[in-house]
Amino acid sequence: MDVPDPSVSPAPASTRALSTPTITPGHDAAAVAAQDLPFSAGGVLAPGVPVGISDGLQRAPGWKPVKENVAGLSQYQKSDGCLVAARASTGQAPLVRGDDRESTIALFQYLDATIQPTYLKTATLQWGGNADEPGRTVEVLALEQTAPGGKSTAVLARLFGTAGSSVYVSVSCPDAASLRAARSDVNRFLPVLPPSA
């Protein structure tokens, strides 16, 4: 559901002056980044300006990059066998519902139609900042599963309706203990990036 980068085919000079500005008048990006972003606060984002996700996990102890920003997807592997996949996507308007929580449920059900809202738990990721200077928190929904044999997974996601974008992080580990450690690393080294404009 990603949309092509409009910079690939710039509009003729005669039409560029009519294009929509990318900065919303009166929108204070710094103030948005400096506050927590619960589901109820999704409307403070600038319309159409996408949210991103950091690549800092590749610099975390024990982690290495496996795939770097291939069609928006990055993957990281830890020495204990854990695997993290992270994606930031645009063009999410078809999944937008009444608010960000409902939209995020729609995102999960788009990915897997068997997922029921009752399967999802509210969780948080870091909102801005970095490993040394943590930012605020952003609410997400999480789907946690333990497969026969002990393999444990967690999928954390949020669709930002106003921004028209989403973030998705999956964490898969050999057991519950390593999953807890990996999620702690994700929270510290893989913050969600507020729009800068």
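Conditions tested, residue by residue: (1) touching a Leu at 6+ places or on another chain (Cβ under 6 Å); (2) modelled with pLDDT under 95; (3) surrounded by 19 or more Cβ atoms within 10 Å (Cβ to Cβ).
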residue	(1), (2), (3)
Leu141	yes, no, yes
Thr146	no, yes, no
Lys151	no, yes, no
Leu159	yes, no, yes
Pro194	no, yes, yes
Filtering segment 4-42 for residues that are loosely packed, with under 14 Cβ neighbours inside 10 Å, of a type outside the set (Ser, Thr, Tyr) and either more than 26 Å from Asp99 (Cα to Cα) or at pLDDT 90 or above (or both) leaves a count of 11
Of the conditions (1) buried (at least 18 other Cβ atoms within 10 Å of the Cβ); (2) of a type in the set (Ser, Thr, Tyr); (3) part of a strand (DSSP E or B), the single one that Thr104 does not satisfy is (3)
- Task: Evaluate segment 174-193: report whether one residue or more is touching a residue at least 12 places away in the same chain (Cβ under 8 Å), within 14 Å of the chain's Cα centre (by Cα) and part of a loop (DSSP other than H, G, I, E, B).
- Result: yes
Of the conditions (1) in a strand (DSSP E or B); (2) small (Gly, Ala, Ser); (3) surrounded by 20 or more Cβ atoms within 10 Å (Cβ to Cβ), the single one that Ala85 does not satisfy is (3)
Check your understanding: Would segment 48-55 turn up any residue that is touching an Asp or Glu at 6+ places or on another chain (Cβ under 8 Å) and either on the phi > 0 side of the Ramachandran plot or part of a loop (DSSP other than H, G, I, E, B) (or both)?
Key -> yes
Log entry, pairs with first residue in segment 77-90 being farther than 21 Å from Thr162 by Cα, second being of a type in the set (Asp, Glu) and at pLDDT 95 or above, beta carbons closer than 9 Å, six or more apart or on different chains, reads Lys78/Asp185; Cys82/Asp185; Val84/Asp185
Only one of Asp36, Asp99 is touching a strand residue (DSSP E or B) at 6+ places or on another chain (Cβ under 6 Å), acidic (Asp, Glu) and touching a residue at least 40 places away in the same chain (Cβ under 8 Å), namely Asp36
Within segment 89-101, of all residues that are in a loop (DSSP other than H, G, I, E, B) and in contact with a helix residue (DSSP H, G or I) (Cβ under 7 Å, 6 or more places away or on another chain), the one nearest to Tyr168 (Cα to Cα) is Val96
Exercise for the section: Looking only at segment 120-132, decide whether some residue is part of a loop (DSSP other than H, G, I, E, B) and either hydroxyl-bearing (Ser, Thr, Tyr) or modelled with pLDDT of 95 or more (or both). Expected result: yes
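The values are calculated or read from the model by the stated rules, or taken from the named source; none is laboratory data. Predicted model, so just to flag it, every value in this text is computed and none were measured. In this analysis, Cβ positions are derived from the backbone assuming ideal geometry, glycine residues included, and neighbour counts consider all displayed protein chains.
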